[in-house]
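A short write-up of the structure that comes next.
The values are calculated or read from the model by the stated rules, or taken from the named source; none is laboratory data. What you see is a predicted model, and the numbers here were worked out from it, not measured in a lab. Cβ placement follows ideal geometry from the backbone for every residue including glycine, while neighbour counts extend to all protein chains displayed.
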Amino acid sequence: MIFSRFSPLRSGAAPDDGAMPPNEAGRIAPYRRWLQLAAAVGGGIIFSLALPPVNAGILVVAALAILTLTAWDRRAPEAALCGWCWGMGWALPSFWWLREIHPVVPFLIAPVLAVWPAVWTAVLPLIRREFLIPPAVRLKGEAAEQAWHVPDWKLLIAAAGLAGWWIVLEYSRSTMLPWNNLSTAMWRNGRMLPLAAYAGQYGIGFLLALTSVALAFSIRFRNERKRLRAVPIWAAVALTWLLTELAAAGRNTALTQMPDRLVRIGVVQGDISQRRNADGTQAREALDTYLALSAQLAALPEKPELILWPETAVPYPLKADHPVSEAYRRGIAELLPPGAPYSMLIGTIDFAPQPGGASKYGVTNSALLLSPGPVEIGRFDKIHRVPFGEYIPFRRFLPEWLVRAIDMNRDLIPGADYSPLSVMPGVRAGVAICFESVFPYIAREEARRGANLLIVLSNDAWYPTSAEPEQHLANAVLRAVETGLPVIRCGNNGGTLVIRPDGRIDSVLPTPGTERPEIRRGRAAGILNVPVSTTPALTFYTRHGDWLVVLAGTGAAALFAAAAGNWLRRKRLLAEMQDGNQPPGERTEDHA
């Protein structure tokens with residue numbers, strides 16, 4: 001049996017005096033532990049292969065099944081260690097792109113992210129010992145436990161509860177870094193993506209986790225004929241997959257009739273290197289690049305209705321008192337003379353009053369909507385800032401030496417307004433700035449407030465050679481499906497494209513290269529046609545949010561409560577035995 005305990009081993013023939021040779025199992029056990037930990041790391045690496053850039057999505061089922069098997073027969077600390085090793089195998093390669101900020105960053109963040117799978121595996125021994133095996137059987141000893149035939153209905157409940165526990169943990173990580181979840185592996189899977197319109201990304205994750213645990217149980221719990229068992233589990237999984245297929249069919253049928261308007265949006269991709277600390281010369285080069293590309297769009301015979309610039313396209317604020325900022329304003333005025341047939345939405349650094357009614361102003365990462373004139377007619381300030389990149393969490397409580405080591409010399413003011421921007425008649429755009437597209441709650445709230453188009457302004461120049469831009473794009477695909485809205489994404493160095501409400505990438509800004517169009521990088525400008533519905537229907541997920549997380553948490557809590565109840569029951573039976581009452585083997589509850 002895979003990852004089962006070794007039987008005691010004895011070597012050599014029995015000596016003439018009849019004495020038994022020493023038991024050498026203890027010498028093998030350390031090697032077995034190292035083998036299990038290596039298998040756990042391998043399972044995590046397999047999960048990283050399911051994610052971009054490899055995109056072998058189906059491997060995610062095998063990865064989580066390996067994690068379950070390696071930790072299943074362990075004690076809680078050993079099981080947690082297996083989970084942590086699996087987490088390192090997942091986090092280090094899949095977040096390796098963080099090396100482009102600093103070579104040490106992946107090695108700092110991977111051990112932290114590995115804590116979540118460790119917490120998941122830490123409960124597996126509790127479920128195995130206290131839920132699947134009745135208390136009276138456990139009191140008979142290990143031989144009775146191994147002979148116990150676990151009912152399939154218990155395996156089904158345990159699988160569902162553990163899948164729910166995984167989703168609860170993923171959700172708990174979402175406030176920090178909801179990146180490279182189980183659902184991300186399915187970002188190109190048109191059959192599973194429609195599930196997100198009903199249950200969000202966590203619905204996809206739950207189905208994958210349930211399938212993985214079912215696979216692990218099928219291997220771990222085999223009958224005497226060595227055939228895969230746990231038939232009810234697979235029946236439940238098959239039914240869930242069937243419902244997913246039906247949901248996909250219904251969703252896709254509805255979407256074919258949804259768009260009633262085609263919007264022409266000009267997008268500018270300047271392909272400027274990371275210039276957060278740019279000097280005047282570097283800032284002016286970025287400005288000249290974006291102005292020249294935008295002038296090409298403005299000169300087209302058939303004009304765009306809106307021109308987009310990515311996040312902080314120019315590293316100096318539009319409204320600052322600096323020669324580059326003055327040139328910035330002159331250039332925008334030339335692009336937006338009175339009577340121009342288009343408006344502009346530009347990502348730029350801006351200013352806003354400090355929270356609490358203070359008279360001082362702070363810095364914001366903003367998207368400004370400018371009409372011909374130019375006149376500012378709307379703005380969106382980034383709500384979910386990047387920890388340690390745009391602010392330092394708990395700055396006041398950290399030692400000064402640590403702040404100096406990690407400080408990027410800015411604490412941006414967060415926005416608080418989710419209201420869509422009226423970018424043109426009949427088109428209400430919900431905006432997300434770069435990192436924000438990873439968080440479902442922002443797009444969902446904008447959709448609830450009437451957005452019928454999502455705009456993502458991104459700048460992945462921090463990561464010029466890695467897989468980060470593709471992983472970032474995968475999250476935007478999930479936001480489109482969750483809200484049922486088209487997404488137009490404008491990036492500084494790639495990923496400038498349109499995503500349809502069913503998750504398909506509809507059109508991509510043409511750039512040279514041999515890679516897939518959606519991940520090519522380069523300097524370009526063009527017009528993308530976006531199909532928009534003026535009165536889109538709210539998806540089930542938009543209306544009800546992360547209801548599945550609540551349901552998953554309730555199921556996991558019920559599973560843990562049942563296991564805790566059995567633990568108390570076993571303690572009571574043990575006390576009765578010590579008081580001289582009937583041994584558990586004579587009680588009817590042995591067969592419960």
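In this structure, does T588 turn out to be at pLDDT below 95, over 26 Å from the mean Cα position of the chain (by Cα), loosely packed, with under 12 Cβ neighbours inside 10 Å and under 30 Å from P501 (Cβ atoms)? Answer is no for this residue. Of note, P510 satisfies the criterion of being out of contact with any helix residue (DSSP H, G or I) (no Cβ under 6 Å at 6 or more places or on another chain), in a loop (DSSP other than H, G, I, E, B), surrounded by fewer than 24 Cβ atoms within 10 Å (Cβ to Cβ) and free of Cβ contacts under 8 Å to residues at least 40 places away in the same chain. Of the residues making up segment 364-384, those that are touching a residue at least 24 places away in the same chain (Cβ under 8 Å) and surrounded by fewer than 16 Cβ atoms within 10 Å (Cβ to Cβ) number 2.
The numbered conditions (1) without any contact (Cβ under 8 Å) to a residue 12 or more places away in the chain; (2) of a type in the set (V, I, T); (3) within 16 Å of G200 (Cβ to Cβ) are all true for V549 except (1).
To keep it simple, each residue is scored yes or no on (1) in a helix (DSSP H, G or I); (2) under 17 Å from the mean Cα position of the chain (by Cα).
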{"site": "P52", "(1), (2)": "no, yes"}
{"site": "A71", "(1), (2)": "yes, no"}
{"site": "G89", "(1), (2)": "yes, yes"}
{"site": "V119", "(1), (2)": "yes, no"}
{"site": "R129", "(1), (2)": "yes, no"}
{"site": "Q146", "(1), (2)": "yes, no"}
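Screening T184, T175, T211 for residues that are of a type in the set (S, T, Y) and either without any contact (Cβ under 8 Å) to a residue 40 or more places away in the chain or within 30 Å of L574 (Cβ to Cβ) (or both) leaves exactly one candidate, T175.
Of all the listed residues (A50, A40, A62, A79), the sole one being closer than 18 Å to R128 by Cα and either free of Cβ contacts under 8 Å to residues at least 40 places away in the same chain or among the small types (G, A, S) (or both) is A79. Being over 14 Å from the mean Cα position of the chain (by Cα), assigned to a helix (DSSP H, G or I) and not charged (D, E, K, R) is a condition met by no residue of segment 166-183. Counting the residues of segment 335-348 that are exposed (fewer than 14 other Cβ atoms within 10 Å of the Cβ) and farther than 17 Å from R264 by Cα gives 3.
Can you say whether G545 is surrounded by fewer than 19 Cβ atoms within 10 Å (Cβ to Cβ) and not aromatic (F, W, Y), as far as the supplied structure shows? Taking the combined requirement at face value, the residue satisfies it. Taking segment 442-483 as the range and being surrounded by 24 or more Cβ atoms within 10 Å (Cβ to Cβ), more than 17 Å from T184 (Cα to Cα) and of a type in the set (K, R) as the test, only R444 passes.
Among the residues making up segment 102-151, those that are basic (K, R) and either more than 15 Å from F221 (Cα to Cα) or not assigned by TED's automatic domain parsing to the domain that holds L568 (or both) are R138, K140. When residues in segment 455-483 are screened for being in contact with an Asp or Glu (Cβ under 7 Å, 6 or more places away or on another chain), without any contact (Cβ under 8 Å) to a residue 40 or more places away in the chain and either outside the structural domain of D417 (by TED's automatic domain parsing) or outside any helix (DSSP H, G or I) (or both), 1 of them pass.
Looking only at residues in segment 286-328 that are among the charged types (D, E, K, R) and closer than 20 Å to L457 by Cα, the one that is nearest to the chain's Cα centre (by Cα) is E311.
For segment 136-171, a residue qualifies if it is among the acidic types (D, E) and in contact with a Phe, Trp or Tyr (Cβ under 9 Å, 6 or more places away or on another chain), and the qualifying residues are D152, E170.
Being surrounded by 14 or more Cβ atoms within 10 Å (Cβ to Cβ) and without any contact (Cβ under 8 Å) to a residue 60 or more places away in the chain is not true of A561.
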